[in-house]
1. Sketch the reach of a paramagnetic label on GLU185 as a point 7 Å from Cα along Cα-to-Cβ, and name the residues of the stretch 201-236 whose backbone nitrogen lies under 15 Å away.
2. Hey, what do the phi angles of the stretch 77-87 turn into as Karplus ³J(HN,Hα) couplings, whole Hz, using 6.51/-1.76/1.60 and θ = phi - 60°, x for Gly and Pro?
3. The stretch 122-201 to the stretch 76-111: how many Å between their Cα centroids?
4. At a 1.4 Å probe radius, which order do ILE330, ILE147 fall into by accessible area, largest first?
5. Stretched out fully, how many nm does the piece from GLN219 to SER335 gain, at 0.36 nm a residue minus the Cα gap?
6. For LYS179, go through the lysines and keep the ones whose alpha-carbon is under 17 Å away, minus same-chain ones fewer than eight residues off.
7. Could you order LYS184, LYS323, LYS179 by accessible surface area, starting with the largest, using a probe radius of 1.4 Å?
8. Quick check on packing: order 243-250, 285-292 by the mean number of other C-beta atoms within 10 Å, highest mean leading.
Amino acid sequence: MLVARRLTMSLRLLFDNSCSGRTVMNETAGIEQQNDGRVGYGGLGNAARLRTLLEGPGVVRIVGAHNPLGARLAEQAGFDGVWSSGLEISASQGVPDTDILTMSELLSVAGAMAATVNAPVIADADAGYGNAHNVMNMVRRYEAAGIAGISIEDKRFPKVNSFIPGRQELAPIGEFCGKLAAAKEAQRDPDFVVIARIEALIAGQGMDEALRRGEAYVQAGADAVLIHAKSDSPEPVLEFLDSWQQPTPVVVVPTTYHTITADELGAAGAKMVIYANHGLRAGITAVSNTFRTILKDGRTTGLEERIAPLATVFELQGMSEQKRNEARFIAAYESGHEEDLTPVGSERAAQR
């Protein structure tokens with residue numbers, strides 16, 4: 001299946017490259033660089049884009065977001081993909097990250113992000129929102145919404161955020177393996193990625209338990225494992241990477257052990273690095289400072305050079321594209337000169 005998938009991806013890339021003069025192939029990663037500077041994927045689906053990254057060279061860098069604007073900023077900054085962060089989305093709704101929000105609420109945000117950016121979106125699916133039946137329903141709905149992959153953690157439902165002291169109750173290995181097997185059975189796209197998130201170190205269960213769980217999750221069908229840790233030192237994660245003997249890629253989240261670089265983690269064996277909540281935390285600081293300054297000064301003059309101009313906001317909203325479409329499809333047709341218009345799709349056909 002892996003060979004067939006790679007062949008299909010290669011044929012798609014070759015087709016797109018031959019039919020358009022606007023792209024140049026990056027042969028090592030199977031990714032295209034477009035003339036406007038954006039990274040493209042040659043017509044690949046969202047899940048296939050993520051597979052391309054996981055199977056290509058180098059470390060995959062992902063960053064968290066909680067709305068489509070954040071996802072667009074992540075893509076513009078150059079990240080390989082977007083993490084639809086349960087913590088960020090929960091915080092943006094003013095509730096704790098303890099499975100308070102429903103699957104549908106979280107899916108609506110993740111789907112909106114996937115519809116906004118070309119970069120693949122990976123959804124933080126908490127503990128799967130219930131048992132294996134819930135996981136199967138979740139996979140089908142997330143996949144239909146254009147999500148490239150999901151991460152499920154091996155905690156009991158309802159979970160508690162990993163960095164909150166207190167209850168961190170792990171699910172039995174067999175139960176969680178059933179969820180993973182159910183997820184793989186439910187997916188329709190063979191490229192859809194299921195990441196098994198290991199919380200043994202978070203729960204104080206030790207390295208042997210983390211490795212034992214990871215190996216079991218690979219056998220159950222996980223496409224990658226995420227080793228989670230809350231130490232301020234990267235040593236526990238580095239020890240896991242050094243002890244990991246499976247070919248399955250490892251994902252890391254250096255929220256607390258932030259002194260190590262992505263390249264250093266990659267050299268140690270990590271394939272994907274997720275910066276899961278930094279956009280949210282940066283926004284809290286920036287907005288709080290801005291609001292305090294407005295109240296203190298009684299005006300915004302001192303802030304204007306430090307905040308985004310409205311033109312940047314309009315561009316992030318896609319206003320320039322809307323203006324172009326308005327000229328093509330509204331103003332031109334309302335002018336009464338329809339006979340002089342180029343039929344829709346003819347320009348694209350002429351290029352081929």
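The values are calculated or read from the model by the stated rules, or taken from the named source; none is laboratory data. Everything numeric in this text was worked out from a predicted model, so none of it was measured. Note that we place each Cβ from the backbone using ideal geometry, even for glycine, and neighbour counts take in every protein chain shown. For the accessible areas, the whole protein counts, side chains as well, though only heavy atoms, and no ligand, DNA or RNA atoms are used. Shrake-Rupley method; radii C 1.70, N 1.55, O 1.52, S 1.80 Å.
1. Counting only backbone N, you get 220-222.
2. 5, x, 5, 6, x, 10, 9, 7, 7, x, 5
3. With the stretch 122-201 and the stretch 76-111 each reduced to a Cα centre, they are spaced 15 Å.
4. Descending order: ILE330, ILE147.
5. 35.4 nm
6. Partners within reach: LYS155, LYS159.
7. Reading off the accessible areas and sorting them downward yields LYS323, LYS184, LYS179.
8. Ranking the peptides 243-250, 285-292 by packing returns 243-250, 285-292.
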